[in-house]
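Inspection log for the structure reproduced underneath, given as C-alpha cells.
None of the figures in this text is laboratory data; all of them are computed from the coordinates on show. Everything numeric here is computed off the predicted structure, so don't read it as measured data. Heads up, the Cβs are rebuilt from the backbone with ideal geometry, glycines too, and the neighbour counts pull from every protein chain shown.
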There are 2 protein chains.
Amino acid sequence: MNMYDIILKKREGEILSKEEIDFFIEDFSKGQIPDYQASALLMAIFFKGLTKYETFLLTDAMKRSGDVIDLSKIAGIKVDKHSTGGVGDKTTLIVGPLAAACGVPVAKMSGRGLGFTGGTVDKMESIPGFRTSFEAAEFISLVNRVGLAVIGQTAHIATADKKLYALRDVTATVDSIGLITSSIMSKKLASGSDAILLDVKCGNGAFMETLEEATELGKWMVDIGKTAGKNMVAFVTDMSQPLGLTVGNALEVIEAIETLKNEGPTDITELSLKLAAYMVFLGHRAKSPEEGYEMVLDKLHSGAGLEKFREFVEGQGGNPEVTKDYALFPQASLSKHILALESGFIKSIDARVIGSASLHSGAGREKKEDLLDLSAGIILNKKVGDSVVKGEVLATLAANDQAKIQTAYDIAITGFAISSESVEKPMLFKKIIL
Amino acid sequence: MNMYDIILKKREGEILSKEEIDFFIEDFSKGQIPDYQASALLMAIFFKGLTKYETFLLTDAMKRSGDVIDLSKIAGIKVDKHSTGGVGDKTTLIVGPLAAACGVPVAKMSGRGLGFTGGTVDKMESIPGFRTSFEAAEFISLVNRVGLAVIGQTAHIATADKKLYALRDVTATVDSIGLITSSIMSKKLASGSDAILLDVKCGNGAFMETLEEATELGKWMVDIGKTAGKNMVAFVTDMSQPLGLTVGNALEVIEAIETLKNEGPTDITELSLKLAAYMVFLGHRAKSPEEGYEMVLDKLHSGAGLEKFREFVEGQGGNPEVTKDYALFPQASLSKHILALESGFIKSIDARVIGSASLHSGAGREKKEDLLDLSAGIILNKKVGDSVVKGEVLATLAANDQAKIQTAYDIAITGFAISSESVEKPMLFKKIIL
C-alpha cells in the first residue's frame, strides 16, 4: 500500500477501504507520510467527499491514534455533552451540576480554548485554587465521589487529528463535512463516555452558519457516534447573537452561578434545562426527556444544582465561596460602556464581532501560547428584540489594558444594529436530531 | 498576499491574478512556501483547472524562476524542435542536421532522460569523445560555425518547474493540462529560440494516450507560445508502437545515421522530413512548408544532411568516423531473439511495454543517479501490419548483463500481438496545429 495510490483513488472519486484509511492515519501519525501528500489527499477529499462509512473509519482510526480513556470504573452511564463552539456558551458549567444532581455521572474532558474566550478549563481556572490536572485514578475517584469532574484534555487524545487539523487549517481544507465530523467525533469517542449529547451551534457566531449546514453536521455526528455504538442526541441551537449576557472567563462563570441560582438570563436557563434533561434521559435516570426536564427543573428550584456546583469546585481544589462572593474572582481594572446612538429595537448583535472584541479585550487566545486575562470580556445589557433608548448602555467592556479595551471597544461597537421597527426575538432552540 | 488565500481562491474556482501566480512561484522557489501548501494548490488546480491566460502567467513565472538563455548572438531565426517524448524517437538527430544544412541555426538544449531510454544528450554520448558541456560563449560560437550544436540542459533552467514537478509526481497532480503545458513551455521559453516546433506524441507509449488529449495539449502549448511571442507549430504523431526499429542509445544514433544515408525505416524518414520542412519554414529559409520539404529532401538525397551530422559530431569533440564504422559505438556482449509463436500479421507492438523492456535492458534510467548502458536496447524486425511466419525473429534484445537481458525479454515478449487477419498500418502523422 502506498500514499500515492490512495491520493489517486480519492482524486478519482473512489471509496477508500479501512486498510487504506488506517494506513494513512497510522503512518501520518508516525511522520512517515509527508505533509505534502497528506494535504493533497485532504484537498481531494474536499472535492470528492467521504461517505459516512469512510468518515466512521477515519474517526475510528484517529481515535486509536492517541489514548482512549477508560471510564469503566465509574458506576453508571457516563454522558458527555459537547458544544461545537459559540460565543458566550457557558452551558457546561450549568448542565454538568444539574445532571450530576440527578445522579448522572459527568466525567468531562475539556480543552483550553483558541478563539473568542478560553475553554471550559480556562473559565473554571478563574476560581481561586481550581485545578484541572489530575492522574486518571484521582479523576475517576472524584467523579465517583462528587458525580462531576473536569479534566484538562491531554495532548495524547486523538493525536492524528491534532496534526491533521493543523494541516487543514493552513491548506484551506477545513470545511469538509466528513473531515469536520471525524475531527470532533474522534476526540469524543476517545474520551470514554457511553452517550454523547451534542449542541451544534448555528449562525454567524458559529462554524456552521446556516440551519441546513448545522443540521447536516448534527446528522453526520449522530450517525458516526451510533455506528461506534454510542447513544447519541444532537441539538441545533441559535448562535446569531451571543448566548446569555456575558462573554469572557470569570464573567461567564459568574453568569453560570447566577443561572444555578435561577437568576440567569432566560436563554441560558432554558437551553441548560433542555440539555440537562436530555443528559438525564441519556443517562437512564429518567424514562423520557420530559421526565428529565421535570427532574432538572426541580434541582434548579431546590438549589441542589448550585450545591452540586459548590461540591464540584471544592472537589477540584477551588474555593466554593465564589458562589457567595464574586469579589473572589479576578477583577478587571478598566471598564468602558458602549452606548446606543439612537432609540429603537436591537436588530442584531453580531456574535462573531462580539467574540472578536472579547478576544481583543484579553479574554481569548489567538495563538496557543497567548496568556488569558481571566477578568476581561463583555457584559451585554441588551439582546436582540429588546427596546433601547438613545444613550442607554448596550454593553460594558472589561479589561486591564488601555489599548486592549480601546481595540475591543472599536470592534464591539460595529456589532450592534438598531431598528426603528420592533424586532422578533430569535428562536434559540431550532432542532433535535435523534 | 498569502498562500492560504490563493489556495482558497483556486479551490472556489476563481481565476488567479498575475501577482498571485508570481507570488506563488517566486516564494515557492525560495522555499518560503511549504510543500504542503503547494500540493494543496496543485490538487485544487487539478479539480478547478487553469485558464489559458493563467497557464501563460504560470509558464512565464516558471521561466523567470531560472536562467533565460540569450541566443541573440546567433545570426538568423533560431528554431527549436521538441518532442513530448516517446519510445524510439531519434528524430532530433536527423532533423537537426537536415534543417542546419538548409541554413537554419539549431541551438539545441537537451536534458538527460528519465524513463525508457536516455535523452538526446545521453544518446549522443554513445559517440566516442562527444561532449555536451560547454560555456555559453563556446556553445554560441559552435552554432554560428557549424549551424547546429547540442548542450546539456543545466539545473538552472526553470528551477521552479523542477521543484513543482517533483511534488506533482508524488501527489497525483501530474495530469492537468494547464500544469503539463506550463511545465513543458517554461523550459522551452527559457531556452531562447524564436520559433518552436512541437511533436506531440499520442498513443499508449506517450503521455497523452488519445488523439483528443494530444490535440488539446498541442493547442494549449501553441497558444501559450504565441502569447509569449513565439512562432509556433505543433504536430500530433502516432506513438502506439515504437518509432523506427530501434530503442536504446547507440542503437538509435546508428538508426539516425542510416536515415541520413536514406537507408532508414520509412516512418522515421517521413516524419523527420516533415519536421525538418517545418523548421526550415519557421526559420524563414523557405516560403512554405512544401518548399521546405523539397529543400530537406534534396539535403537528404545529396548527403548534405549526413555531412552536417559529421560536422556536428566533430564540433562537439566526437569522432565523425562513426558514420562509416558502427563498431566505434559501444557494443553489447549479449543478445537474445524474440521469436514469433505463430504466423500471421503483427497486430500491435505495445510501445510502453517495449520502452519498459528497453529500460530493464539497461538503456534507461529509473532514478536520476542510474548509470546507462549505452549499448543496450531493442532492435525490432517487424512493425504493425507486417506479415510474420512462426519462428521468425520479431525483435532482438541487446545488453551486457544476463539478468537484465532476461528481464527485458520477459517484458518485451508480452508486447507483441499477432493476428491471423491482415492489419492496416497505423497513420503516423495525425494532425498539425498552427
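Among A:Lys368, A:Lys188, A:Lys52, the largest mean-square fluctuation in a Gaussian network model of chain A (Cα springs under 10 Å) belongs to A:Lys368. Placing +1 on each Lys and Arg Cβ and -1 on each Asp and Glu Cβ, with no other charges, gives the range A:83-242 a dipole about its Cα centre of roughly 440 debye.
Look at the dipole of the range A:137-252 built from charges on Cβ: of A:Gln153, A:Ala234, A:Val247, the Cα furthest out on the positive end belongs to A:Gln153. Computed from backbone phi, the HN-Hα couplings of the range B:416-433 come to 9, 10, 10, 10, 7, 9, 5, 10, 6, 6, x, 6, 6, 9, 9, 6, 10, 10 Hz, rounded to whole numbers (Karplus: 6.51 cos²θ - 1.76 cosθ + 1.60, θ = phi - 60°; Gly and Pro given as x). Filter the cross-link list A:Lys123/A:Lys431; B:Lys30/B:Lys108; B:Lys188/B:Lys287; B:Lys336/B:Lys368; A:Lys63/A:Lys425; A:Lys30/B:Lys368 down to pairs whose alpha-carbon distance in this structure exceeds 30 Å. A:Lys63/A:Lys425, as the Cα separations exceed 30 Å there. Across all directions, the average flat footprint of the convex hull enclosing the Cα atoms of the range B:331-419 is 5.4 nm². Does the range A:152-238 classify as rounded, prolate or oblate by the C-alpha gyration tensor (a ≥ b ≥ c root eigenvalues; a/c under 1.5 gives rounded; else a/b over b/c gives prolate, otherwise oblate)? Judged from the Cα gyration tensor, the range A:152-238 comes out oblate (a/c at least 1.5, b/c at or above a/b). Over the range B:1-83, the Kirkwood radius and the radius of gyration, each from Cα atoms, give a ratio Rg/Rh of 1.08. Summing Lys and Arg as +1 and Asp and Glu as -1 over all other residues whose Cβ lies under 13 Å from the Cβ of A:Leu197 gives a net charge of +3. The other copies place their B:Asp5 label points at 4.2 nm from this one, listed shortest first, where each point is 7 Å from Cα along Cα→Cβ. Among A:Phe309, A:Phe24, A:Phe235, the residue with the largest mean-square fluctuation in a Gaussian network model of chain A, with springs joining Cα atoms closer than 10 Å, is A:Phe24. Counted over the protein assembly as shown, the DSSP beta bridges are approximately 55% antiparallel.
Kirkwood-type hydrodynamic radius, the protein assembly as shown: 32.0 Å, calculated from all non-identical alpha-carbon pairs.
Amide H contacts for B:Arg112 (H built 1.01 Å from N in the peptide plane; partners 5 or more residues away or on another chain; cut-off under 5 Å): B:Gln153.
Diagonalising the gyration tensor over the Cα atoms of the range A:3-49 and scaling each eigenvalue by 5 before taking the square root yields semi-axes of 17, 12, 8 Å, largest first. Close amide-amide hydrogen proximity is noted between A:Glu209 and A:Gly203, each under 5 Å apart and 5 or more residues distant or on a separate chain (H modeled in the peptide plane; Pro and chain starts excluded). Against chain B, whose longest principal axis comes from its Cα atoms, helix B:250-260 is set at around 80 degrees. For chain B, a Gaussian network of Cα nodes joined below 10 Å ranks B:Leu334, B:Leu217, B:Leu179 by mean-square fluctuation, and the top entry is B:Leu334. Rounded to the nearest 500, the 222 nm mean residue ellipticity of chain B from helices alone is -13500 deg cm²/dmol, with -39,500 (n - 2.57) taken per DSSP H run of at least 4 residues. Applying the criteria of a DSSP loop state and at most 14 other Cβ atoms within 10 Å to the GluC sites (Glu not before Pro) of the range A:1-42 yields A:Glu12, A:Glu14. Could you list the residues of the range A:391-434 with an amide nitrogen less than 17 Å from a label point located 7 Å from the Cα of A:Leu334 in the Cα-to-C-beta direction? Correct set: A:396-413. Please say if the range B:228-305 is rounded, prolate or oblate, where rounded means a/c under 1.5 for a ≥ b ≥ c the square roots of the C-alpha gyration tensor eigenvalues, and otherwise the choice is prolate for a/b larger than b/c and oblate otherwise? It comes out oblate by the Cα gyration axes. Separation of the range B:200-246 from the range B:1-30 is 29 Å, based on Cα centroids. Taking the label point 7 Å along Cα→Cβ, A:Glu291 and its counterparts in the other copies are spaced 10.1 nm apart, in ascending order.
At q = 0.06, 0.08, 0.14 Å⁻¹ the log10 of I(q)/I(0) for chain A amounts to -0.25, -0.45, -1.32, computed by Debye summation with a single uniform scatterer per C-alpha, solvent ignored.
For the pair the range A:104-138 and the range B:272-348, the centres of their Cα atoms are 79 angstrom apart. Listed by chain and number, the aspartates and glutamates whose alpha-carbon sits under 15 Å from that of B:Lys162, ignoring those within fewer than 8 places in the same chain, are B:Glu26, B:Asp27, B:Asp35, B:Asp60, B:Asp67. Between the helical axis of A:304-315 and the longest alpha-carbon principal axis of chain A there is an angle of about 70 degrees. Among beta bridges from DSSP that stay inside chain B, the antiparallel ones total about 55%. Please give the helix A:159-170 orientation as an angle from the longest Cα principal axis of chain A, in degrees from 0 to 90, rounded to the nearest 10. On a 0 to 90 degree scale, this one is about 70. Remark: the Cα gyration tensor places the range B:378-433 in the oblate category, a/c being 1.5 or greater and a/b not exceeding b/c. Inter-copy label distances at A:Gln32, 7 Å along the Cα→beta-carbon direction, one decimal in nm, shortest first? Relative to the other copies, A:Gln32 has label-point distances of 3.7 nm.
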